[in-house]
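Undergrad: This is the structure I have questions about; it appears just below.
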Amino acid sequence: MADTAHDDVKTLSFEAALEQLEGIVQKLESGRAPLAESIAIYERGEALKAHCEMLLKTAEARIEKITLSREGKAIGTEPLDAQ
C-alpha cells in the first residue's frame, strides 16, 4: 500500500478515523463489496487503524497522574506510569 494513497487519513481526528474504520468493517463483514473494492477499503482500514493507534499512543503519553500531599492537596503531576 502506498502511503500517499491515504495521506488524508493523517488529517482526521480520532473520532472521524474510528467512524470510517467502523464503516469499513461493517462493509467488509457484509460481503457487499466486490473483491477489488474490498482490497482497497481493507488497505484504507489498515491506514485508519495505524492512525488511530498513533493518536492513542500520543494521548497516553500526555496523561499525567496528579500527586497529592499528605494533607490530600494537589501538589503536582508525574507521568501516569511512574512508580
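Undergrad: For the chain, with a Gaussian network of springs between Cα atoms less than 10 Å apart, report the residue from Ser30, Ser13, Ser38 with the top mean-square fluctuation.
TA: Ser30
Undergrad: Extending each Cα 7 Å along its Cβ direction at Ser13 and Ile39, get the distance between those two points in nm, one decimal.
TA: 3.5
Undergrad: Still on this structure, please answer the following. Among Ala16, Ala36, Ala47, determine the one that fluctuates most according to a GNM of the chain built with springs between C-alpha atoms less than 10 Å apart.
TA: Per the Cα network of the chain with a 10 Å cutoff, Ala36 tops the list.
Undergrad: Let me ask another. Between Arg62 and Val25, how high is the FRET efficiency from 1/(1 + (r/R0)^6) when r is the Cβ-Cβ distance and R₀ = 22 Å? Nearest 0.05.
TA: Efficiency at R0 = 22 Å is approximately 0.20.
Undergrad: Could you tell me what percent of the accessible area of region 7-68 is made up of carbon and sulfur, with a 1.4 Å probe and every protein chain present?
TA: 58
Undergrad: Something else now. Could you give the accessible area per residue of region 1-68, probe 1.4 Å, as a whole number in Å²?
TA: Spelled out: the 1.4 Å probe surface of region 1-68, per residue, equals 74 Å².
Undergrad: Under a GNM of the chain (C-alpha, springs under 10 Å), which listed residue has the highest mean-square fluctuation: Ile41, Ile66, Ile24?
TA: Answer for the Gaussian network model of the chain: Ile66.
Undergrad: If you line up the long axis of helix 35-62 against the longest principal axis of the chain, both from Cα atoms, how many degrees apart are they, to the nearest 10?
TA: Taking Cα atoms only, the helix is inclined about 10 degrees.
Undergrad: Another question about this same structure. First select every other residue whose beta carbon is under 11 angstrom from the beta carbon of Arg44; then total the charges, Lys and Arg +1, Asp and Glu -1. Walk me through the numbers before you get to the answer.
TA: Values: positive: Lys27, Lys49; negative: Asp8, Glu37, Glu43, Glu46.
Net local charge, Arg44 excluded: -2.
Undergrad: Still on this structure, I have one more. What is the sum of charges around Ile24, taking Lys and Arg as +1, Asp and Glu as -1, for the other residues whose C-beta is under 14 Å from the C-beta of Ile24?
TA: Around Ile24, the surrounding residues sum to -2.
The values are calculated or read from the model by the stated rules, or taken from the named source; none is laboratory data. Predicted model, so just to flag it, every value in this text is computed and none were measured. Cβ sites come from the backbone with ideal geometry, for glycine too, and all protein chains shown count toward neighbours. For the accessible areas, the whole protein counts, side chains as well, though only heavy atoms, and no ligand, DNA or RNA atoms are used. Shrake-Rupley method; radii C 1.70, N 1.55, O 1.52, S 1.80 Å.
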